[in-house]
1. Report the extension gain between Arg95 and Ser111 in nm, rounded to one decimal, defined as 0.36 nm multiplied by the number of residues separating them, less their alpha carbon distance.
2. Answer with a single label: of [x] 131; [y] 308; [z] 142, which was calculated as volume of the Cα convex hull per residue in Å³ from the structure in view?
3. Set the Förster radius R0 to 25 Å, insert the Cβ-Cβ distance between His79 and Phe35 as r into 1/(1 + (r/R0)^6), and round the FRET efficiency to 0.05.
4. Could you calculate the contour length gain from Gln44 to Leu25, that is, 0.36 nm times the residue separation minus the distance between their Cα atoms, to one decimal place in nm?
5. Using a 1.4 Å probe on the protein chains only, how many percent of the accessible area of the chain belongs to carbon and sulfur?
6. Per DSSP H run of at least 4 residues, take -39500 (n - 2.57); add these up for the chain, divide by its residues and hand me the 222 nm value, nearest 500 deg cm²/dmol.
7. At what distance in angstrom do the alpha carbon centres of the range 27-48 and the range 99-124 lie from each other?
8. For the chain, report the accessible area per residue in Å² (1.4 Å probe, heavy atoms, rounded to an integer).
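The values are calculated or read from the model by the stated rules, or taken from the named source; none is laboratory data. Just so it is clear, the model here is predicted, and its values are computed rather than measured. Cβ placement follows ideal geometry from the backbone for every residue including glycine, while neighbour counts extend to all protein chains displayed. SASA here: full protein model, heavy atoms, side chains in, ligands and nucleic acids out. Shrake-Rupley method; radii C 1.70, N 1.55, O 1.52, S 1.80 Å.
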Amino acid sequence: MPNDKDRSGPPRPMSSHADGVTGDLVKLMPRDLVFVMRFMGESQHRLQSHFQDFIRAELAAGGVTTETHPMIHLFIENHAILLRDFVFSGVSLTRQFRVDEIERLTGDTTSMIRVDIWDQLKSHIETAEKQFHSQAGTLPKLLSAFEKPPGPLGSEK
């Protein structure tokens, strides 16, 4: 049920909302923003291939092969990706850089990194809001699953 805040007139333009939350996020950047390593390209493929070979060998040792389980390659690929992502996420989280460290390392005395991040945040927030608005027609059907069921849920005596 809407409250008085929900009825305070037409919603402000999306850019005002995006500006406000973007500004809040930029203010929090020194504390909350970290830069992490990310392995990409051939490194991802190489580690995934390693885990596919590892899983295939482990399963074969237990009697599970493509002859006994023709679709096992789907299981192997999926689990290799999960293991790869686990390893890379763990490594990435062990070394994080704060925005002030990145600015110092890059010699960014004008805070251009922060300006670029502000622009990207605002743009992505606006895109997310537009995407939500574009799907508004499907909301009643989706939200019906959250409605209170009709009638009493049971009577306590």
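1. 3.5 nm
2. Among [x] 131; [y] 308; [z] 142, the one derived from this structure is [y].
3. Computed FRET efficiency for His79 and Phe35: 0.25.
4. Contour length minus the Cα-Cα distance gives 3.8 nm.
5. Carbon plus sulfur share of accessible area: 61 percent.
6. Calculated at 222 nm, the ellipticity per residue is -21000 deg cm²/dmol.
7. First find each Cα centre; the distance between them is then 16 Å.
8. Roughly 80 Å² per residue, with all protein chains present.
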